[in-house]
Amino acid sequence: MTESAPAWIVLAHLLRPQGRKGEVLAELFTDFPERFEEQTRVFLAPTGFKGEEAKARLAEVVSFWLPVGKNDGRIVLHFAGVDTISDAESIAGQDVIVPREERLPLDDESVYISELIGCTVYDGTMSIGVVEDVQFATTADGARRLTDAAPLLAVASRDGDEVLIPFAKAFLVKVDTEGKRIEMTLPDGLVDVNRSAIGKT
């Protein structure tokens, strides 16, 4: 009997070099950037990676900082052995991940974004579809995430359409990541309006 691959938690997505000494600008997918001080051991892998640890790239965070201005809400990471711009370019596009058992504990009202993927969204008793992606609102130029805007769940409906649903506390009833279920009470017409809007793009 083979050992199953570990479940992964995505902490960040590496975007591009930021500086001349190997630093990398990244989208931050955790509310706890300070975790990189306490737990410096991470892995790098392509988005959607589900393989074993041996197939991911082991990395060590040697320093990090939170930029301000147009990159507010993101993080700059510096990994051991990544010392040049070309080194940083070679890992751009990768996710920063850790095994699920190494995640920091959350309070009762928080969830890891990566755990929402694959959950079925219900509006009352009606199944809307399955979460395929989580999107974040940004400024018009796309350079900075709007931290005060609710993330959008990109849900694949049973009809094959994509529906964007705000992951807002006002709509949430219950989130069961173990059971892969998100229960919501959505405003009348929200699902149809968002489906129609996507269909016109």
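Between the amide H of LEU186 and those of GLY124, distances stay under 5 Å, these residues lying 5 or more places away or on another chain, with hydrogens modeled in the peptide plane.
Solvent-accessible area per residue in the chain equals 56 Å², computed with a 1.4 angstrom probe and all protein chains kept.
Here the 3J(HN,Hα) profile of region 152-169, calculated from phi with Karplus coefficients 6.51, -1.76 and 1.60 at θ = phi - 60°, is 10, 7, 8, 10, 7, 7, 5, 8, x, 8, 9, 10, 9, 10, x, 8, 9, 4 Hz, Gly and Pro shown as x. At the listed q of 0.27, 0.28, 0.29 Å⁻¹, the Debye profile of region 55-107, built from one uniform point per Cα, gives log10 I(q)/I(0) equal to -1.25, -1.26, -1.26. Distance cut-off 32 Å, Cα to Cα: go down the list LYS50/LYS174; LYS21/LYS55; LYS55/LYS180; LYS55/LYS174; LYS21/LYS50 and report the pairs above it. Those over the limit are LYS55/LYS174.
To put it simply, the accessible area of the chain at a 1.4 Å probe is 50 percent carbon and sulfur. In a reduced charge model with +1 at each Lys and Arg Cβ and -1 at each Asp and Glu Cβ, the chain shows a dipole moment near 480 debye about its Cα centre.
Which angle between 0 and 90 degrees, to the nearest 10, do you get for helix 190-199 versus the longest principal axis of the chain when only C-alpha atoms count? Taking the Cα atoms of the chain, the angle to 190-199 is about 60 degrees. Projecting the Cα atoms of VAL68, LEU164, ILE182 onto the charge dipole of the chain, computed from C-beta unit charges around the Cα centre, puts VAL68 farthest toward the positive end.
Each semi-axis of the equivalent ellipsoid for region 1-72 is √(5λ) with λ an eigenvalue of the Cα gyration tensor; in descending order they amount to 26, 13, 12 Å.
Let's test the formula: R0 of 35 Å, r as the Cβ-Cβ distance of LEU172 and GLN39. What FRET efficiency results, to the nearest 0.05? Step by step, r from the Cβ atoms, then E = 0.80. Packing order of peptides 151-163, 21-33, highest average first: 21-33, 151-163 (average count of other Cβ atoms within 10 Å over each peptide's residues).
If the segment from GLU101 to ASP192 were pulled out straight at 0.36 nm per residue, it would be longer than the present Cα-Cα gap by 28.9 nm. Near GLU23, the amide H atoms lying under 5 Å from its own belong to GLN18; only residues 5 or more places off or on other chains count, and H is placed 1.01 Å from N.
The values are calculated or read from the model by the stated rules, or taken from the named source; none is laboratory data. Everything quoted here is computed from the prediction, not taken from an experiment. Cβ atoms come from the backbone with ideal geometry, glycine included; neighbour counts cover every protein chain shown. Protein only, heavy atoms only, side chains kept; ligands, DNA and RNA dropped before computing areas. Shrake-Rupley method; radii C 1.70, N 1.55, O 1.52, S 1.80 Å.
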